[in-house]
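Here is the structure we will look at, set down as structure tokens.
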Amino acid sequence: MDQMLAQEYLRELHVVRQVSPHTINAYEKDLKILFEKLQESHTEIAKLTSDQVRSWVGRLHSQGLAPRSIARTLSAWRGFYLWLANQKKLIAHNPLDDIKAPKRLKPLPKALSVEGAINLVESAAKKDIQEDEFLRARNKAIFELLYSSGLRLSELLGIDLVPVQSKDYESSGWIDFESGEVMVLGKGGKRRTVPVGSAALSAIQDWISIYKARPIKNQQQGAEHIQPLFINKQGKRVSSRTVQKHLAELAVRAGLPTHVHPHMLRHSFASHVLQSSGDLRAVQEMLGHTSITSTQIYTALDFQHLAQAYDHAHPRAKSKKRET
């Protein structure tokens, strides 16, 4: 009887609602799990309770089923019981109405080790990795600044050589070399000031000396008073795609075992500052996070780092399986 109802429901999904065959197959497997649970608990299909469903969901989660998969399974069960209530009039209340899947864990941001980050930015200045002096100086300055100040790539690319404010244009960002700070326009139109390290300031000054010496038009067309800090060889503001491409190539040449993107340098900045200072509020302000909840994810990275250090250093940390 239960299987007949399931086939009738799936047939309606396919014919009437035009649900894809892939989804039908997935729902069929999910309903099979439902009927197995009903049989194991000696429960009639119309007498399933919310408490039973919660118990089953808890068991599926403890067995390692991903929250995404549990959510899909619950969706299949919920739809079936809604159909039983509306079409078949077999139940008065859907036992799945107030059941929620376990929350999906947000993946931790990927950050480089301190040694990896330093190796990466220092590699940008090596002639054997980048022969072109223009690209070598520009990329070194970009990567040093990304890691030094934890900027978003869009924030960094909006920086001008000198700040401009007129009725038609206002600079999104600029660097104050005297105070060792960068001013940027972040998400939500919020301005913030972030310290810039001496290595980054030195790299930027080296880049500016090459930038100014080039016999090319360094201004954007139609706005000759605007001078982007980071330009391509045509004198236009460098694109995010170009920076991503050069950084990925540099990481490969530097021997890093992972794909590196600009945001990874921001994650590395946050993780390394937090490891050294433990000041979550300061990291929040430098990253430009509105809520400290967004910054707290880096405490997990910090703990992960400490756990790895413990595992490698403590003589009783390793399990017997790994001891040889």
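Since every read-out is calculated from the coordinates, none of them should be taken as a lab result. Predicted model, so just to flag it, every value in this text is computed and none were measured. Here the Cβ is made from the backbone with ideal geometry for all residues, glycine too, and neighbour counts use every protein chain on show.
The value of relative contact order for the chain, using C-alpha pairs under 8 Å at least six residues apart, is 15 percent.
For the chain, the longest principal axis of the Cα atoms and the long axis of helix 21-40 meet at an angle of about 50 degrees. Taking 35 Å as R0, compute the FRET efficiency from the Cβ-Cβ separation of Gln165 and Thr299 and round it to 0.05. Result of the calculation: an efficiency of 0.35.
Using the charge dipole of the chain (Lys, Arg: +1 at Cβ; Asp, Glu: -1 at Cβ; taken about the Cα centre), state which of Ile24, Pro109, Val53 has its Cα farthest towards the positive end. Checked the options; the winner is Ile24.
Packing, taken as the mean count of other beta carbons within 10 Å per residue, orders the peptides 14-26, 138-150, 236-248 from highest to lowest as 138-150, 236-248, 14-26.
Relative to the longest principal axis of the Cα atoms of the chain, the long axis of helix 2-15 lies at roughly 50 degrees. In the chain, the longest principal axis of the Cα atoms and the axis of helix 292-313 are about 90 degrees apart. Amide H to amide H distances under 5 Å link Gln227 with Leu161, Val162, where only residues 5 or more positions off or on other chains count and H is placed in the peptide plane. Rounded to the nearest 20, the Cβ-based charge dipole of the chain about its Cα centre (Lys and Arg +1, Asp and Glu -1) stands at 620 debye. Residues whose amide H comes within less than 5 Å of that of Arg192, counting only those at least five positions distant or on another chain, are Val184, Gly186 (H built at 1.01 Å from N in the peptide plane). Charged side chains reduced to their Cβ positions (Lys and Arg at +1, Asp and Glu at -1) give the stretch 2-86 a dipole of some 320 debye around its Cα centre.
Of the cross-linked pairs Lys110/Lys233; Lys140/Lys187; Lys37/Lys88; Lys187/Lys212, those separated by over 29 Å at the C-alpha level are Lys110/Lys233; Lys187/Lys212. Counting only DSSP beta bridges whose two residues both lie in the chain, roughly 90 percent are antiparallel.
Dipole check for the stretch 45-201: with +1 at the C-beta of Lys and Arg, -1 at the C-beta of Asp and Glu, and the Cα centre as origin, the magnitude is about 1640 Debye. Along the axis of the charge dipole computed for the chain (Cβ charges of +1 for Lys and Arg, -1 for Asp and Glu, origin at the Cα centre), the listed residues Gly255, Thr295, Ala6 are led at the positive end by Ala6.
Rounded to the nearest 500, the helix-only mean residue ellipticity at 222 nm of the chain stands at -17500 deg cm²/dmol, with each DSSP H run of n ≥ 4 adding -39,500 (n - 2.57). Each peptide in 261-274, 188-201 gets a packing score, the mean of other Cβ atoms within 10 Å over its residues, and the list from highest to lowest is 261-274, 188-201. Ordered by the count of other Cβ atoms within 10 Å of each Cβ, fewest first, Ile159, Ile204 give Ile159, Ile204.
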